[in-house]
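A short worksheet on the structure shown next.
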Amino acid sequence: MKRLSKYPFLIPVIENWKPRAKKAKLTQKKIAKLTGISEVTISNTINLKNQNPKLSTIQRIEDVLTSYGV
C-alpha cells in the first residue's frame, strides 16, 4: 500500500492527479515548468515515491491542475 508518512489523507488527491493531468494534456515536464518545481520532484510526488512532500509542492501542483479546469 502506498502511503505518505506525513499526509496519508492526501493519497486519494495525489492518485487523481495523473488522470486529471492527462485530461488537461499536461505532461510532468509542463507541470514542472508551470510550478517552478523540478521534474524529478514532480514525478516523485505524483508517483507517490516522495514519502514526505512539502505541502507547498502539493499545493502548487493542485493549483496548476485547477487552473487548467481539471
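The values are calculated or read from the model by the stated rules, or taken from the named source; none is laboratory data. Predicted, not measured: the structure shown is a model, and the values here were computed from it. FYI the Cβ positions are ideal-geometry reconstructions off the backbone, even for glycines, and counts take in every protein chain you see. The protein model used for the area step is the full one, side chains on, heavy atoms only, and it has no ligands, DNA or RNA in it. Shrake-Rupley method; radii C 1.70, N 1.55, O 1.52, S 1.80 Å.
Please specify each residue of region 56-70 satisfying the condition of being open to solvent by less than 40 Å² (accessible area, probe 1.4 Å) and among the hydroxyl-bearing types (Ser, Thr, Tyr).
Residues of region 56-70 that are open to solvent by less than 40 Å² (accessible area, probe 1.4 Å), as a first pass: 57-58, 61, 64-65, 70.
Once the filter is applied, which keeps residues that are open to solvent by less than 40 Å² (accessible area, probe 1.4 Å) and among the hydroxyl-bearing types (Ser, Thr, Tyr), region 56-70 yields only Thr57.
Kindly list, by first and then second residue, each pair from a residue in region 59-70 that is under 19 Å from Ser43 (Cα atoms) to a residue that is open to solvent by 30 Å² or more (accessible area, probe 1.4 Å), limited to pairs with Cβ atoms under 6 Å and residues at least 6 apart or on different chains.
Sorted first by the residue in region 59-70, then by its partner, the pairs are Val64/Leu34; Leu65/Arg20; Val70/Arg20; Val70/Lys23.
Being surrounded by 11 or more Cβ atoms within 10 Å (Cβ to Cβ), under 17 Å from Gly69 (Cβ atoms) and among the charged types (D, E, K, R) is the filter here, so list the residues in region 1-55 that pass it.
If the condition is that a residue be surrounded by 11 or more Cβ atoms within 10 Å (Cβ to Cβ), under 17 Å from Gly69 (Cβ atoms) and among the charged types (D, E, K, R), then Lys18, Arg20, Lys22, Lys23, Lys30 are the ones that fit.
Pairs under 8 Å by beta carbon, first residue of a type in the set (Gly, Ala, Ser) in region 1-18, partner open to solvent by less than 70 Å² (accessible area, probe 1.4 Å) and modelled with pLDDT under 90, six or more apart or different chains?
Ser5/Gln51
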